[in-house]
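Colleague: Please read through the structure below; I'll follow up with questions.
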Amino acid sequence: MTRPFRIAIVLATALMILAPVGLVIYQSFLSGPFFQPSSTFTTQAYEFVLFEEDDFREAFINSAIIAAGMTAIAVPLGCIMAFLLVRTDLPGRRLIEPLVLVPMFVSSVVLAFGFVVALGPVGIVSVWVKGIVGTIPWYLYSKTALIVIAGLTHVPHVFLYASSALRSLGSDVEEAARSSGAGPFRVALTVSLPMIMPSILYATVLVFFLGFELFGLPLVLGDPERILVLATYLYKLTNKLGTPSYDLMAVVVVSIILVTLPLVYTQRKLLAAANRYVAVKGKASAQKPLAIGAWRWPAVGLIVVWLGFTVVIPVSALVLRSFLSTWGEGVAIWPNLTLNHFRELMGYPNLVRGIVNTLLIASVGGALSVGFYALVNLALHRWRSRWTALMDYLVLVPRAMPGLIAGLAMFWLFLFTPVLQPLRQTLFSLWLAYTLVWLAYGMRLVSASLLQIGPELEEAGRVVGARPAQVSRDVTLPLIKAGLIGSWVLIFVTFVREYSTGVYLLSPGTEVIGSLLVSLWGTGAVDLVTALSTVNLVLILVGLALMFALGNKRHA
């Protein structure tokens with residue numbers, strides 16, 4: 001690509017990122033809505049939210065407690081599972097490993113519904129346990145339950161980074177420790193895990209950061225006991241005072257970004273440190289699994305129990321409930337099996353439109369997003385410039401914006417920018433918000449493919465007289481075609497499970513399954529929620545099947 005074209009792409013991307021963020025920051029310093037000429041500059045909204053609003057203070061403290069609690073659960077468990085599945089002779093580890101990642105692909109709001117249907121006061125498992133022991137020995141709507149569930153469902157994030165780092169280590173040091181008489185778990189605690197400490201710290205910051213982003217789990221599990229976190233506080237603030245409080249909402253958004261942006265920046269620094277650490281210590285030497293002897297089956301049991309509680313129980317209960325005409329104490333399952341909820345689903349045009357829109361935005365929109373991510377990556381590819389460093393930091397900004405906030409910012413941008421107003425109630429607004437929210441993720445997916453292309457191949461194209469654009473089109477893109485298809489499948493699954501970004505953009509014509517689920521849950525339509533959640537799970541299953549099929553084809 002030519003330098004002017006590269007700069008144009010960087011500037012266009014920067015505008016796409018900074019316009020909604022700038023609008024939110026501008027609104028936070030106004031006395032009223034930014035579209036009212038009478039609005040003046042003031043810090044009243046900050047003074048009210050930060051010093052007078054008790055709900056904000058409570059939500060902030062709750063977010064910090066939940067983020068810390070879920071980190072304390074997810075990090076040790078994720079590290080233990082990574083060690084067991086990567087470094088030991090655990091039975092069936094090849095089969096178990098992909099299953100550990102499943103919670104990452106299921107929408108957290110769908111999982112939350114599943115926990116309510118399974119373990120709520122009249123949940124399927126709760127009723128069964130009550131029939132045996134006479135009482136339900138847990139309470140789902142407590143802060144403790146919320147922390148435990150959030151922690152357990154975020155274990156895969158830690159596992160992903162810890163297992164990746166463990167694979168890059170040779171087994172010689174571990175074997176030396178074993179030869180000197182250390183047991184397998186002493187080897188894990190004193191040798192293996194300390195050697196990947198930068199990756200563990202990275203995962204710790206990531207999970208803590210995701211704790212501040214939580215929306216689906218607190219909305220479903222915290223609302224009955226009025227447990228507010230920052231995201232649910234923002235969601236409820238929309239109508240708390242009777243009319244939309246633009247200035248207060250903007251202040252809350254700015255507060256969340258101020259908390260999350262340093263965490264994202266810290267992640268970037270830790271990731272760089274982790275890569276340097278692995279480059280020094282790691283070698284492509286053969287790895288010999290550590291024998292853990294009698295601990296093999298208890299270790300398998302630990303993972304199976306985690307997987308059962310985190311995925312199997314909530315998802316199975318949710319799917320089963322979608323096929324039951326009613327449920328409660330004394331209700332039998334077999335006589336009440338029905339397809340009526342799915343027939344009812346098809347009777348609502350907005351719900352049918354939501355399913356169709358979800359498929360469109362995940363398939364066509366996902367392909368367009370991958371095309372956009374590839375274009376930006378190609379513009380930065382092998383370009384030593386300060387513009388590249390600028391983009392590296394700019395792509396972090398959307399990562400610091402939870403989907404709910406990005407959706408709100410895009411809603412305001414489309415609502416009050418005359419040029420964009422005609423597009424507000426179209427899927428374009430939703431696609432743009434999705435693309436922005438997952439910009440950092442998509443960029444990383446595509447850049448991983450580009451990094452595998454040796455520079456000599458592109459240089460050969462230039463030697464024979466091809467222009468930079470021709471080299472990108474005829475050499476680079478064909479070489480990363482498989483990577484782009486894999487990226488599209490991952491983006492497909494990501495867009496299908498996304499729910500918070502579309503909440504503020506929900507309108508006739510822009511319905512998607514995720515935002516409809518949030519909306520329906522507020523009305524108490526449990527039958528429709530479970531049926532629509534089951535449809536969502538089926539679409540995710542199709543995406544995962546595609547992903548595994550492509551993976552097998554690539555390795556065939």
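The values are calculated or read from the model by the stated rules, or taken from the named source; none is laboratory data. Everything numeric in this text was worked out from a predicted model, so none of it was measured. Cβ sites come from the backbone with ideal geometry, for glycine too, and all protein chains shown count toward neighbours. Ligands, DNA and RNA are stripped out before the accessible areas are found, and what is left, the full protein with its side chains, is counted by its heavy atoms. Shrake-Rupley method; radii C 1.70, N 1.55, O 1.52, S 1.80 Å.
Colleague: Would it be correct to say that Leu345 is at negative phi, aliphatic (A, V, I, L, M), in contact (Cβ under 8 Å) with a residue 40 or more places away in the chain and open to solvent by less than 30 Å² (accessible area, probe 1.4 Å)?
Modeller: Here the answer is yes, as Leu345 does meet what is asked.
Colleague: Of the residues that make up region 148-166, is at least one more than 26 Å from Val102 (Cα to Cα) and in contact with a Gly (Cβ under 6 Å, 6 or more places away or on another chain)?
Modeller: no
Colleague: Would you mind finding the one in Ala72, Ala67 that is open to solvent by less than 20 Å² (accessible area, probe 1.4 Å), assigned to a helix (DSSP H, G or I), closer than 30 Å to Trp521 by Cβ and touching a residue at least 60 places away in the same chain (Cβ under 8 Å)?
Modeller: Residue meeting the stated conditions: Ala67.
Colleague: Still on this model: Residues that are of a type outside the set (Phe, Trp, Tyr) and open to solvent by less than 10 Å² (accessible area, probe 1.4 Å), at least 2 per element: which helices (runs of 4 or more DSSP H) completely within region 163-217 meet that?
Modeller: The helices (runs of 4 or more DSSP H) meeting that bar are 197-213.
Colleague: So Met401 ticks every box in (1) in a helix (DSSP H, G or I); (2) in contact with a Ser or Thr (Cβ under 9 Å, 6 or more places away or on another chain) but one. Which box is left unticked?
Modeller: Met401 satisfies all of (1) in a helix (DSSP H, G or I); (2) in contact with a Ser or Thr (Cβ under 9 Å, 6 or more places away or on another chain) except (1).
Colleague: Answer yes or no as to whether Val356 is farther than 20 Å from Ser487 by Cβ, in the same structural domain as Gly483 (by the TED database) and open to solvent by 60 Å² or more (accessible area, probe 1.4 Å). Steps first, answer last, please.
Modeller: Values: farther than 20 Å from Ser487 by Cβ: yes; in the same structural domain as Gly483 (by the TED database): yes; open to solvent by 60 Å² or more (accessible area, probe 1.4 Å): yes.
Judged against the criteria, Val356 is a match.
Colleague: Looking at (1) outside the structural domain of Leu505 (by the TED database); (2) crowded, with 23+ Cβ neighbours inside 10 Å, which one does Pro402 not meet, given that it meets all the others?
Modeller: (1)
Colleague: For region 26-48, give me the residue count where each residue is open to solvent by 80 Å² or more (accessible area, probe 1.4 Å) and in contact with a helix residue (DSSP H, G or I) (Cβ under 6 Å, 6 or more places away or on another chain).
Modeller: 1
Colleague: Show the residue pairs that are 6+ apart or on different chains and have beta-carbon atoms under 9 Å apart, the first residue being within region 364-391 and more than 27 Å from Val489 (Cα to Cα) and open to solvent by 10 Å² or more (accessible area, probe 1.4 Å), the second being assigned to a loop (DSSP other than H, G, I, E, B) and of a type outside the set (Ser, Thr, Tyr).
Modeller: Going by the 9 Å Cβ cut-off, the qualifying pairs are Trp383/Met1.
Colleague: For Val187, only one of the following conditions fails: (1) in contact with a Leu (Cβ under 8 Å, 6 or more places away or on another chain); (2) free of Cβ contacts under 8 Å to residues at least 60 places away in the same chain; (3) among the hydrophobic types (A, V, I, L, M, F, W, C); (4) farther than 30 Å from Phe105 by Cα. What is its number?
Modeller: (2)
For (1) within 31 Å of the chain's Cα centre (by Cα); (2) more than 28 Å from Leu539 (Cα to Cα), each residue gets a yes or a no:
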site: Val102; (1), (2): yes, no
site: Ser107; (1), (2): yes, no
site: Gly114; (1), (2): yes, no
site: Trp128; (1), (2): no, yes
site: Gly131; (1), (2): no, yes
site: Arg178; (1), (2): no, yes
site: Met195; (1), (2): yes, yes
site: Ile200; (1), (2): yes, yes
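Colleague: Any idea how many residues of region 410-437 are open to solvent by 50 Å² or more (accessible area, probe 1.4 Å), assigned to a loop (DSSP other than H, G, I, E, B) and closer than 23 Å to Tyr499 by Cα?
Modeller: 2
Colleague: Among the listed residues Gly114, Gly131, identify the single one that is open to solvent by 30 Å² or more (accessible area, probe 1.4 Å) and over 30 Å from Val173 (Cα atoms).
Modeller: Gly131
Colleague: Shifting gears a bit: Exactly one condition in (1) under 30 Å from Thr417 (Cα atoms); (2) modelled with pLDDT of 90 or more is not met by Phe56; state its number.
Modeller: Of (1) under 30 Å from Thr417 (Cα atoms); (2) modelled with pLDDT of 90 or more, only one is false for Phe56: (2).
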